[in-house]
Structures are given as structure tokens and as C-alpha cells.
Amino acid sequence: MKFEAYLAALLRPLGVYDLRRGTLNRGELAAYGARLDHAEGELDETEREMSLCTAEGFGLERIEALLPYRPVCETAQQRRAALAALLRIGGDSFTPEGINDTLRGCGVNARAEESGKPGYVKIYFPQVAGIPEGFDRLRAIIEEILPSHVDVTYVFWYNTWGEVAGRRPTWGDCAGAGLSWYGLAIENEGELGWG
């Protein structure tokens, strides 16, 4: 009832209205004040949703509706970062650094590198052995971000017994280091230079 009190204080100096609680005039002010309180709440929500920095609900959904794919994100903060990364794409965003910034901003766990051959780029998936889960969706998003004239090669890596045995010859060495099979995979990826 913030606006009811404000309206009563505004009209009190006129001395014409009986502004005591329970009177007809005060009831009218209470009705107006309730509607103004509601409108203020609606305006606050709209103001929050109009800015990408603060949006939490329908503001993010409206921006995402403009895109062919939703970013791979779960929280509102991640969604805001992904949409900001997509909105930053411009004429100078097609350098490896710009593309990787956009991929990271979209929540895609991928890294682009030049292949050494003009018009070709390699995409790696850091800390993911094999083909990542939901690869078809990730591929569609990545290919939407990359320039259409660039040919993409996806590079997957696998943790083989030979690579593990080269670093950890016995299971005791693995257990002593506190590594699971997944931990061994990540350790191996770091040595490959993709971590």
C-alpha cells in the first residue's frame, strides 16, 4: 500500500478530503493505490527484462526466439552470457579468438583452431573423450556460428590403453594418484595440448 499512503499525503494539505481509514475517500485512495502498486511491479519487471544484463525470464526468451537455436545453457546468468556473445558477432568476430569467445559464451564446450589450410578449421571438444553427448545439436550451433565458407573438421580423441600405460604403467599408479578412468582421460588430454 505504498501508493495509497503517497496519495493520502499528497491530498492532506488541501484539507477538503476526509482521509481517515474506513472513510469513503480513503477507500477510493486505497483502490487507486493498489492499482498503482500493481503497475509499479509490472514496470519494474519490464525494466529488468528489457536489459540483457538483468533479464531472467521473458526478456531472454524473446531474444532467444530471434535465433535459430537456443544457446546450450541452463542458468539465467549463462543464458545472458551466451546471448551477449552471439550479439557481439560482427565483421571482426571470425578470427579464432573471436570464434572461441562466441563458442564459450554460448556454453559450447568446443575450441576452434585454424588447420593451416585456408578455408578449413578444426573443432576440438576439450575434456570430452570421444563424441560429446548431444553432438548433433552442438554441431548445428557451431556451424551456425562459423562463417558459411569455412569447412569444419571435427576432431575427437580417445583414451587408449597404450597412452594410459605410457604414463601410468600399473593400476596401483592410477589408484595412488586418485585418478578414475575419466581422470586418466583428462590427464591424457592435457598432454595432447587440448586441455
Net charge over other residues, Cβ less than 11 angstrom from the Cβ of Glu49 (K, R count +1; D, E count -1): -4
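Which loop GluC sites (Glu not before Pro) in region 82-155, with loop taken from DSSP, have no more than 15 other Cβ atoms within 10 angstrom of their Cβ?
On the way: sites: Glu97, Glu113, Glu114, Glu133, Glu143, Glu144; in loops: Glu133.
For GluC sites (Glu not before Pro) across region 82-155 that sit outside H, G, I, E and B with at most 15 neighbouring Cβ atoms in 10 Å, the list reads Glu133.
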Exposure rank, largest accessible area first [Leu103, Leu67, Leu10; 1.4 Å]: Leu10, Leu67, Leu103
Residues with amide H under 5 Å from that of Tyr154, placed H, sequence gap 5 or more: Ile123
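What net charge is computed for the residues neighbouring Cys73, neighbours being all others with C-beta under 12 Å from the C-beta of Cys73, Lys and Arg scored +1, Asp and Glu -1? Write down the numbers at each step before the final one.
On the way: positive: Arg70, Arg79, Arg80, Arg104; negative: Glu64, Glu74.
Local net charge: +2.
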Vicinal HN-Hα couplings computed from phi for region 27-38 (Karplus, 6.51 cos²θ - 1.76 cosθ + 1.60; Hz; Gly/Pro x): x, 5, 5, 5, 5, 4, x, 5, 5, 5, 4, 5
Within region 1-136: Cβ-based charge dipole about Cα centre, in debye rounded to nearest 20 (Lys, Arg +1; Asp, Glu -1): 240 debye
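Just for the chain, what percent of DSSP beta bridges are antiparallel, to the closest 5?
Antiparallel bridges: around 45 percent, rounded to the nearest 5.
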Karplus-derived 3J(HN,Hα), 6.51/-1.76/1.60, for each residue of region 96-111, Hz, glycine and proline x: x, 5, x, 5, 5, 4, 5, 4, 4, x, 7, x, 8, 7, 8, 9
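The values are calculated or read from the model by the stated rules, or taken from the named source; none is laboratory data. Just so we're clear, the structure is a prediction, and the values are computed from it rather than from any experiment. We place every Cβ from the backbone using ideal geometry, glycine too, and count neighbours over all the protein chains shown. For the accessible areas, the whole protein counts, side chains as well, though only heavy atoms, and no ligand, DNA or RNA atoms are used. Shrake-Rupley method; radii C 1.70, N 1.55, O 1.52, S 1.80 Å.
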